[in-house]
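Okay, so here's the structure we're looking at.
The values are calculated or read from the model by the stated rules, or taken from the named source; none is laboratory data. These figures come from a predicted structure and were not determined experimentally. Note: ideal-geometry Cβ built from the backbone for every residue, glycine included; neighbour counts use all protein chains shown. Ligands, DNA and RNA are stripped out before the accessible areas are found, and what is left, the full protein with its side chains, is counted by its heavy atoms. Shrake-Rupley method; radii C 1.70, N 1.55, O 1.52, S 1.80 Å.
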Amino acid sequence: DLMEVMEERKSAISVRNVCINYRSLKASSIKQSMFSLRKVKQEVFQAVRNVSFEVPEGQILGITGKNGSGKSTMLRAIAGIFSADSGEIDLHGHSISLLSIGVGFKNELSGMLLGFSKEEIMEKMPEIIDFAGIGNFIDMPVRTYSSGMHSKLAFSITAILETEIMLIDEVLSVGDQKFRKKSYRKMKELISNRDRTVVIVSHNMNMLEDLCDQLMWMHDGEIVMYDKPEIVLPIYKDFMR
């Protein structure tokens, strides 16, 4: 039925010609600029170069590539933490959450809680605390948490407050073995809901093969391949040797 096919193809995320630049000051020129009135030279580094792709609703997209290839930058731009220097990112009105270690917990929390009312969060609180398994620590100031506890709480918030789009950044490498297994199971359960669109940034090839419908390989801020994991992974593994 043509209508069904049309419905099926609706995009959850459209990324069009996105460029993201970092500006860094040259070390020597900072020193010089303290003693001279000359303009400090800025180096522009292109983290993401003219990237375009579509993620249909209900699809699980993996993004991989060596460190510094622009994958986390791309994910954070989709989450709205970074803004693109040019191009556009359209989420077609879907609610979104980012599960990432190292965005800084404060931003991460507010980033994850975008679009949720206080009532919704409070209502889910017991479930979040229970899943995180951090017990009495929930009443302690967040600054007293270990990074493992941060990660558990962050994962639990994102997992329990379900959004239509979930962005996941290399998080399953945190916490103890038991929590990792639990979060992997939870993630599989969340992902298997066909209404949910998921983008996972990871180096873990087994996980990408296991979970993803499509795989995007980035290198130096550009897309090298975008295809089914079984097509991309052998070539990527060969490249990484």
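Out of ILE160, ILE138, ILE121, which single residue is surrounded by fewer than 19 Cβ atoms within 10 Å (Cβ to Cβ) and either modelled with pLDDT under 70 or touching a Phe, Trp or Tyr at 6+ places or on another chain (Cβ under 8 Å) (or both)?
ILE138
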Worksheet item: Can you find a residue in the stretch 176-190 that is buried (at least 17 other Cβ atoms within 10 Å of the Cβ), in a strand (DSSP E or B) and in contact (Cβ under 8 Å) with a residue 40 or more places away in the chain?
Response: no
Practice prompt. Looking for whichever is open to solvent by less than 50 Å² (accessible area, probe 1.4 Å) and either of a type in the set (S, T, N, Q) or modelled with pLDDT of 80 or more (or both) here; the options are LEU153, LEU91. Which one fits?
Written response: LEU91
Practice prompt. Please indicate, with yes or no, whether at least one residue in the stretch 182-193 is in contact with a strand residue (DSSP E or B) (Cβ under 6 Å, 6 or more places away or on another chain) and among the charged types (D, E, K, R).
Written response: no
Discussion item. With under 30 Å from MET125 (Cα atoms), at pLDDT below 80, out of contact with any Cys (no Cβ under 9 Å at 6 or more places or on another chain) and among the hydrophobic types (A, V, I, L, M, F, W, C) as the only criterion, which of LEU172, LEU211 stands out?
Written reply: LEU172
Practice prompt. Considering each residue of the stretch 17-57, count those that are at pLDDT 90 or above, more than 17 Å from MET74 (Cα to Cα) and open to solvent by 80 Å² or more (accessible area, probe 1.4 Å), and give that number.
Written response: 0
